[in-house]
Amino acid sequence: MAKSVLAVNAGSSSVKITFYTFENPPRAIADAQISGITAPPPTLKYQHGSVKHKEELQEKLSTPQDSFKYLLKRCFNDPELSEIASESDLAYICHRVVHGGDYRDSVEITDESLHHLEALEDLAPLHNFSALEIIRLCRKELPSVSSVTFFDSAFHHTLPDYVRTYPIDQGVAKANGLRKYGFHGISYSFILRSVAQFLRKPQEKTNLIVMHIGSGASICAIKEGKSIDTSMGLTPLAGLPGATRSGDIDPSLVFHYTNDAGKLSPASTKEMHISTAEDILNKKSGWKSLTGTTDFAEIAVENPPSEAHKLAFDILVDRILGYIGNYYVKLGGEVDALVFAGGIGEKSALLRRTLSEKCKTLGVAIDPQANDKGPQDDETVMDISKGAGKGPRALICQTNEQFEMAYHCIRARS
Ligand SMILES: Nc1ncnc2c1ncn2[C@@H]1O[C@H](COP(=O)(O)OP(=O)(O)O)[C@@H](O)[C@H]1O
Ligand SMILES: CC(=O)OP(=O)(O)O
Ligand SMILES: [Mg+2]
């Protein structure tokens, strides 16, 4: 039996794994995910063939590493999933690593590359720690399978110097790697390819404003197939607010918020050091801090349950609009499409409608029925534009970071 490729997407609150056939393009064999790790009980979603299963788990799975172990065991032990029963059925494991520093491409894990990635952990402890723990676990427990890492930041290596440079002392900046990196690039790469194909345009002639709006949210300006600006920065904290992230604030705010801003946060562990300010702005802010919920589905409703819910919605809309205006101008008004992606961008018809109405001046118009209906499960790109208007088209793209990793892993090796 041909070996499979496993793609792992570890976030702070969820772990998603998908097994693919080793063919070009890859075909998904099974998909399993655990979400709600930070808000127990964790929920398992599991799918292979026509089997779809969802359950709340009794197990205490408080880290992405434990969740990954659980998912792997569950898939290996499923008698109905005979293609994947042990280590020997796997050819490669692809890992999503958010921060890749100066890496422009994927990296096969060796002792040396792992050391290099461990050095980067200091720059992005909150985002890289879980992925690296899972890589270390795979090397230990599945030693015969090669791990390949794919970086969110790699897609943005084309940012011009005046976009990536912060106006601070350049000696300090260079010595410490302090620049804009940008994230969600695995997703943007999937979206660019899918949307260009949908529009029947070569990627190098495609100009897009893409919104990846999930519990972490960012937006990207793509000119002739290249990222020319994006809202996240040195870390995924910059730019748009998220479920528990503040997004852009005046950096001085942290010193007015608490005198302990620079001290080590109690959330730090022996292996992972983060400051109190980073902990507050990454984990105790965003729409959770305004409304008490991380679930944007409770916020994006016609009649919000409270003023705070309405405020959280209005803030996200306002910040996204600021970037759309900015990027529209940077792209010289030559924008093929505004693309909605990410858990919220793909599912919230209200957010799409609100943003589209506010972008009327750019010639954006959507078909309300198509927008309310949203895409079918197997519909990667859906056009929700109304008629052939003057402005950019409005598209929904169901992004797929696991597929993107497996696709490139296999393409480079077959
Ligand atoms: N129907 C919906 N309307 C609005 N938001 C939704 C809807 N369904 C799911 N979401 C939101 O999508 C977000 C998760 O998106 P996702 O891209 O999977 O996030 P991440 O990868 O950052 O964990 C959650 O905030 C969830 O509340
Ligand atoms: C980079 C980032 O914020 O990732 P996620 O949205 O998956 O949390
Ligand atoms: Mg995500």
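Determine whether the stretch 42-53 contains at least one residue that is surrounded by fewer than 16 Cβ atoms within 10 Å (Cβ to Cβ), free of Cβ contacts under 8 Å to residues at least 60 places away in the same chain and within 16 Å of ligand 3 (Cβ to nearest atom). Yes.
Scanning the stretch 191-219 for residues that are surrounded by 24 or more Cβ atoms within 10 Å (Cβ to Cβ), within 16 Å of ligand 2 (Cβ to nearest atom) and in contact (Cβ under 8 Å) with a residue 40 or more places away in the chain gives Ile191, Val210, Met211, His212, Ile213, Gly216, Ala217, Ile219.
In the stretch 267-295, how many are free of Cβ contacts under 8 Å to residues at least 60 places away in the same chain and touching a strand residue (DSSP E or B) at 6+ places or on another chain (Cβ under 8 Å)? Residues meeting the conditions: 2. From the set of residues in the stretch 16-30 that are out of contact with any Cys (no Cβ under 7 Å at 6 or more places or on another chain) and without any contact (Cβ under 8 Å) to a residue 60 or more places away in the chain, which is farthest from Ile410 (Cα to Cα)? Residue satisfying both the conditions and the ranking: Ile29. You will find that of Ile191, Ile209, Ile186, Ile168, the residue that is over 21 Å from Phe403 (Cβ atoms) and in contact with a strand residue (DSSP E or B) (Cβ under 7 Å, 6 or more places away or on another chain) is Ile209 and no other.
If the condition is being surrounded by 22 or more Cβ atoms within 10 Å (Cβ to Cβ) and in a loop (DSSP other than H, G, I, E, B), then the stretch 73-101 contributes Val98, His99, Gly100. Checking the stated criteria, Tyr20 turns out to be assigned by TED's automatic domain parsing to the domain that holds Val145 and either of a type in the set (Asp, Glu) or out of contact with any His (no Cβ under 9 Å at 6 or more places or on another chain) (or both).
Among the residues of the stretch 298-311, none qualifies, meaning not one is in contact (Cβ under 8 Å) with a residue 40 or more places away in the chain and basic (Lys, Arg).
If we scan the stretch 270-280, do we find a residue that is hydroxyl-bearing (Ser, Thr, Tyr), assigned by TED's automatic domain parsing to the domain that holds Ile222 and touching a helix residue (DSSP H, G or I) at 6+ places or on another chain (Cβ under 8 Å)? Working first, answer last.
Narrowing the stretch 270-280 to residues hydroxyl-bearing (Ser, Thr, Tyr): 275-276.
With the extra rule that they be assigned by TED's automatic domain parsing to the domain that holds Ile222, the set shrinks to 275-276.
From what is left, the residues that are touching a helix residue (DSSP H, G or I) at 6+ places or on another chain (Cβ under 8 Å) are none.
Looking through the stretch 270-280, none of the residues is hydroxyl-bearing (Ser, Thr, Tyr), assigned by TED's automatic domain parsing to the domain that holds Ile222 and touching a helix residue (DSSP H, G or I) at 6+ places or on another chain (Cβ under 8 Å).
The values are calculated or read from the model by the stated rules, or taken from the named source; none is laboratory data. Please read these numbers as outputs of a predicted model, since none were measured by experiment. Glycine also receives a Cβ, built like all others from the backbone with ideal geometry; neighbour counts cover every protein chain displayed.
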